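Reading through the structure tokens given below for one structure.
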Amino acid sequence: MSRNAEDLAATVREVAGDAPVRLGLILGSGLGHLSGAVDGVSIPYDELEGFPPAGVSGHVPQLVIGQLEGQRVAVFGGRAHYYETGRGDIMRLPLEVLAALGAEAMIATNAAGSLDPEMPTGEIMCLSDHINFSGLNPLIGEPSEARFVPMMQAYDPDLRAALHGAAGGAGITLHDGIYAWYSGPSFETPAEIRAIRAMGADAVGMSTVPEVILGRFLGLRCAAISTITNMAAGLSDEAISHAHTKAMAPLGAAKLEKVLRGFLRAL
Ligand code: HPA
């Protein structure tokens, strides 16, 4: 844990109180409004030195600490992506702060393209595993032995079961699938999508994987949910653009919010 993270956690505690946070939520493109559901205090990223500027529209660059469905949570209204800076570890400091605040788990959310015709736009998918198609790693340069992070069951089986339980309880279909990380910011070619499909991926996106690697490095239990905003390149005539992603994210966001609320109530 870096000195800076401990200092920032102390700053956050001064504003938000000392009670430990149970869980962190990272909100993806078009999902930032969920941070408004939390009853608590919000701290803009630019007041937290070293936090990334959330430079992509559809993200809300603030950390909100407070109660959601009876649990004390830390909600990251926006994330920074590798493609914004070329730094794979761009989310390391926020996740270190989350761990320093006492969190035991994190749930990442994202917008993704689907590779599965049975999982069209508007559906949501719980990640069962990932494929790091980018070849990048946020721990490159980390000097400690802890860098050799095992990635078996990186997506915590108990958290996944609880998310599926919450979805079932709310009558919502929560698909299960493998997410491939593509660096972006350009979208994939149809040939890349065919390659990723042959590798076994069900969805593709530009985030989450580095955060889950960092989360496991920091000892956090991890889970992640994708909202499907389009069929991936070459699989339909649907538009593929950031504007389309933001326009379609609300379709899955409503389901995602219900699942997360049910999950937190049962925690
Ligand atoms: N590819 C990569 N990232 C995405 C997509 C996609 O098709 N849709 C939303 N985010």
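The values are calculated or read from the model by the stated rules, or taken from the named source; none is laboratory data. Quick caveat: nothing in here was measured; it's all calculated off a predicted structure. So basically every Cβ, Gly included, is an ideal-geometry build from the backbone, and we count neighbours across all protein chains shown.
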Of all residues being within 20 Å of the chain's Cα centre (by Cα) and modelled with pLDDT of 90 or more in region 28-45, which is nearest to GLN71 (Cα to Cα)? Just the residue, please.
VAL38
Within region 94-128, which residues are outside any strand (DSSP E or B) and crowded, with 20+ Cβ neighbours inside 10 Å?
PRO94, LEU95, GLU96, VAL97, LEU98, ALA99, ALA100, LEU101, ALA103, LEU115, MET119, GLU123
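Based on what the data block shows, is ALA166 in contact (Cβ under 8 Å) with a residue 40 or more places away in the chain, closer than 23 Å to LEU251 by Cα and under 14 Å from the mean Cα position of the chain (by Cα)? Can you show your working first?
Working: in contact (Cβ under 8 Å) with a residue 40 or more places away in the chain: yes; closer than 23 Å to LEU251 by Cα: yes; under 14 Å from the mean Cα position of the chain (by Cα): no.
So ALA166 does not fit the description; no.
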Region 217-246, residues that are more than 11 Å from the ligand (Cβ to nearest atom) and within 13 Å of GLY28 (Cα to Cα)
ALA224, ILE225
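For every residue, the table says whether it meets (1) assigned to a loop (DSSP other than H, G, I, E, B); (2) surrounded by fewer than 21 Cβ atoms within 10 Å (Cβ to Cβ); (3) within 16 Å of the ligand (Cβ to nearest atom).
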{"site": "SER134", "(1), (2), (3)": "yes, yes, yes"}
{"site": "GLY141", "(1), (2), (3)": "yes, yes, no"}
{"site": "ASP158", "(1), (2), (3)": "no, yes, no"}
{"site": "ALA162", "(1), (2), (3)": "no, yes, no"}
{"site": "GLY165", "(1), (2), (3)": "no, yes, no"}
{"site": "GLU188", "(1), (2), (3)": "yes, no, yes"}
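I'd like to check something: does region 172-181 contain any residue that is of a type in the set (Ser, Thr, Tyr), more than 16 Å from the ligand (Cβ to nearest atom), modelled with pLDDT of 95 or more and surrounded by fewer than 22 Cβ atoms within 10 Å (Cβ to Cβ)?
If we filter region 172-181 for residues that are of a type in the set (Ser, Thr, Tyr), which is where we start, we get 173, 179.
From what is left, the residues that are more than 16 Å from the ligand (Cβ to nearest atom) are 173.
The next check asks that each one be modelled with pLDDT of 95 or more; those that pass are 173.
With the extra rule that they be surrounded by fewer than 22 Cβ atoms within 10 Å (Cβ to Cβ), the set shrinks to 173.
Yes, region 172-181 has at least one match.
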Any residue in region 28-47 that is assigned to a strand (DSSP E or B), touching a residue at least 60 places away in the same chain (Cβ under 8 Å) and not hydroxyl-bearing (Ser, Thr, Tyr)?
no
Within region 223-267, of all residues that are free of Cβ contacts under 8 Å to residues at least 40 places away in the same chain and not small (Gly, Ala, Ser), the one surrounded by the fewest Cβ atoms within 10 Å (Cβ to Cβ) is ASP237
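Identify all residues within region 143-155 that are without any contact (Cβ under 8 Å) to a residue 60 or more places away in the chain and either of a type in the set (A, V, I, L, M) or not in a loop (DSSP other than H, G, I, E, B) (or both); write none if there are none.
Of all residues in region 143-155, those without any contact (Cβ under 8 Å) to a residue 60 or more places away in the chain come to 143-145, 148, 152-153.
Selection gives GLU145, MET152.
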Set ALA233, ALA247: member being part of a loop (DSSP other than H, G, I, E, B) and not acidic (Asp, Glu):
ALA233
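Could you run through region 69-79 and say how many residues are of a type outside the set (S, T, N, Q) and surrounded by fewer than 22 Cβ atoms within 10 Å (Cβ to Cβ)?
As a first pass, look at region 69-79 and keep what is of a type outside the set (S, T, N, Q): 69-70, 72-79.
Cutting the leftovers down to surrounded by fewer than 22 Cβ atoms within 10 Å (Cβ to Cβ) gives us 69-70, 72.
Total satisfying the criteria: 3.
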Mind checking which pairs have a first residue in region 191-219 that is without any contact (Cβ under 8 Å) to a residue 60 or more places away in the chain and a second that is surrounded by fewer than 21 Cβ atoms within 10 Å (Cβ to Cβ), Cβ under 6 Å, 6 or more apart or different chains?
none
If I go through region 198-222 residue by residue, how many of them are over 24 Å from GLY135 (Cβ atoms) and under 15 Å from the mean Cα position of the chain (by Cα)?
1
Scan region 230-253 and give yes if some residue there is of a type in the set (Asp, Glu) and at pLDDT below 95, otherwise no.
yes
Across region 62-87, the tally of residues that are farther than 23 Å from GLY102 by Cβ and of a type in the set (Val, Ile, Thr) stands at 1
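Within region 108-122, can you find the residues that are away from the ligand (no atom under 13 Å from the Cβ) and out of contact with any helix residue (DSSP H, G or I) (no Cβ under 7 Å at 6 or more places or on another chain)? It would help to see each step written out before you state the result.
So the first thing to find is which residues in region 108-122 are away from the ligand (no atom under 13 Å from the Cβ), and the list is 108, 117-118.
Of everything in region 108-122, those that are away from the ligand (no atom under 13 Å from the Cβ) and out of contact with any helix residue (DSSP H, G or I) (no Cβ under 7 Å at 6 or more places or on another chain) turn out to be PRO117, GLU118.
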